[in-house]
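Colleague: Take this structure first; my questions come after.
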Amino acid sequence: MSSIINLSCYKFTPLDELPSRKEELLQLCKKVGVKGTILLAPEGINFFIAGTAAQLDKVLTQIRRLPGLADINPKESPSSEQPFKRMLVKIKKEIIAFGIEGVDPARQPSPKITAQELKQWLDEGRPLTLLDTRNDYEVRMGTFKGAIPARVMHFRDFPKAVRQLPETLKSQPIVMFCTGGIRCEKAGPFMKMEGYTNVLQLDGGILKYFEEVGGAHYEGECFVFDERVGVGPDLKETSSVLCFNCQMPLSAEDQKSSAYVVEKSCPYCINGKTLGRPNGQQLEG
């Protein structure tokens, strides 16, 4: 069993004194050897970090001392090795870029559905629409059977995508989902603002669904924002890689293509077009 644990977590809660909190967390993480990324914003915290259980326990203890964060419950997954190259703590305007005024997940959250409840609904064949709020390159790696993709290259494009959905969906039951839940925290309230009356978000996202019920009703793997690239329903790292040139995630099947040349090209950029994951993409989940 690997000794490296990956933790992912977010929480929307008012945070202040961000510069001093940033410095405290950065110095602690470097001291104990934890690597990854922590985003701090006035609206809350979002982090993906990795290390041993003992290292992570020290960092979580410090995070839980911050106002409103005592009850955080990070999602865990194993790694064969440290998936991050360095430790970053950043102050951002938002912990997940969206840019829509009036969306306040801390005070006006959207209702949630648990992984067990969603599986039961899908087992029963209940009439509902599954909406994948993630980026196109993530959806391509795997998604729930029958889910409607948002068809966006970045989460900031989601509002425009929602406005292009059929009007008939506004009164129908919708379950939205993303990797770890954070994008749906903003997508849900926004859809309510747009007139959608029956929207639920999958609590904890795909990763929590994998953890609690496995891969039932899901096809493929789940893209993650670290060097593992993808994890399967068992939450173990898959054989997917990122194209060196365009940063598109490539499945094992993609890597069989004659267009895939290590550190040169892949099927998505062989003709000169960069269609993959944008370089410098912000941490999402």
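The values are calculated or read from the model by the stated rules, or taken from the named source; none is laboratory data. No experiment lies behind these values; they were computed from the predicted model shown. Heads up, the Cβs are rebuilt from the backbone with ideal geometry, glycines too, and the neighbour counts pull from every protein chain shown.
Colleague: Looking at (1) surrounded by fewer than 20 Cβ atoms within 10 Å (Cβ to Cβ); (2) in a loop (DSSP other than H, G, I, E, B), which is the only condition D226 fails?
Modeller: (1)
Colleague: OK, next. Restricting to the range 219-262, what's the tally of residues that are aromatic (F, W, Y) and touching a Cys at 6+ places or on another chain (Cβ under 9 Å)?
Modeller: Residues of the range 219-262 that are aromatic (F, W, Y), as a first pass: 223, 225, 244, 260.
If we keep only those that are touching a Cys at 6+ places or on another chain (Cβ under 9 Å) as well, we get 244, 260.
So the answer is 2.
Colleague: Pull up the range 229-242, narrow it to residues that are out of contact with any helix residue (DSSP H, G or I) (no Cβ under 9 Å at 6 or more places or on another chain) and not hydroxyl-bearing (S, T, Y), then point me to the one that is surrounded by the fewest Cβ atoms within 10 Å (Cβ to Cβ). Talk me through it step by step, then tell me what you get.
Modeller: Restricting attention to the range 229-242, the residues satisfying the condition of being out of contact with any helix residue (DSSP H, G or I) (no Cβ under 9 Å at 6 or more places or on another chain) are 229-230, 236-238, 242.
Those left that are additionally not hydroxyl-bearing (S, T, Y): 229-230, 236-237, 242.
Numbers: V229: 21, G230: 23, K236: 16, E237: 23, L242: 18.
Ranking the qualifying residues of the range 229-242, first place goes to K236.
Colleague: Tell me the residue from D136, D123 that is in the same structural domain as V231 (by TED's automatic domain parsing) and in contact with a Pro (Cβ under 9 Å, 6 or more places away or on another chain), please. Can you show your working first?
Modeller: Working: D123 fails: in contact with a Pro (Cβ under 9 Å, 6 or more places away or on another chain).
That would be D136, the only listed residue that is in the same structural domain as V231 (by TED's automatic domain parsing) and in contact with a Pro (Cβ under 9 Å, 6 or more places away or on another chain).
Colleague: Does K58 fit the bill of being basic (K, R), more than 19 Å from I95 (Cα to Cα) and either at pLDDT below 95 or not assigned by TED's automatic domain parsing to the domain that holds K208 (or both)?
Modeller: yes
Colleague: Further question on the same structure: Tell me the residue from L18, L28 that is over 17 Å from the mean Cα position of the chain (by Cα) and without any contact (Cβ under 8 Å) to a residue 60 or more places away in the chain, please. Give the derivation first.
Modeller: Numbers: L18 fails: without any contact (Cβ under 8 Å) to a residue 60 or more places away in the chain.
So the residue among L18, L28 that is over 17 Å from the mean Cα position of the chain (by Cα) and without any contact (Cβ under 8 Å) to a residue 60 or more places away in the chain is L28.
Colleague: Going residue by residue through the range 48-59, is there one that turns out to be touching a Phe, Trp or Tyr at 6+ places or on another chain (Cβ under 7 Å) and among the charged types (D, E, K, R)? Working first, answer last.
Modeller: Let us first name the residues in the range 48-59 that are touching a Phe, Trp or Tyr at 6+ places or on another chain (Cβ under 7 Å), namely 48, 50.
Remaining after also requiring among the charged types (D, E, K, R): none.
Checked the range 48-59: no residue is touching a Phe, Trp or Tyr at 6+ places or on another chain (Cβ under 7 Å) and among the charged types (D, E, K, R).
Colleague: For the range 11-32, enumerate the residues that are more than 26 Å from C184 (Cβ to Cβ) and aliphatic (A, V, I, L, M).
Modeller: L26, L28, V32
Colleague: Looking at N245 and the list (1) at pLDDT below 95; (2) surrounded by 19 or more Cβ atoms within 10 Å (Cβ to Cβ); (3) of a type outside the set (D, E, K, R), which single condition is not satisfied?
Modeller: (2)
Colleague: Here's something else I'd like to know. Which one of G205, G214, G195 is at positive phi, touching a residue at least 12 places away in the same chain (Cβ under 8 Å) and crowded, with 19+ Cβ neighbours inside 10 Å? Full working, then the answer.
Modeller: Working: G214 fails: crowded, with 19+ Cβ neighbours inside 10 Å; G195 fails: crowded, with 19+ Cβ neighbours inside 10 Å.
Checking each option against the conditions leaves just G205.
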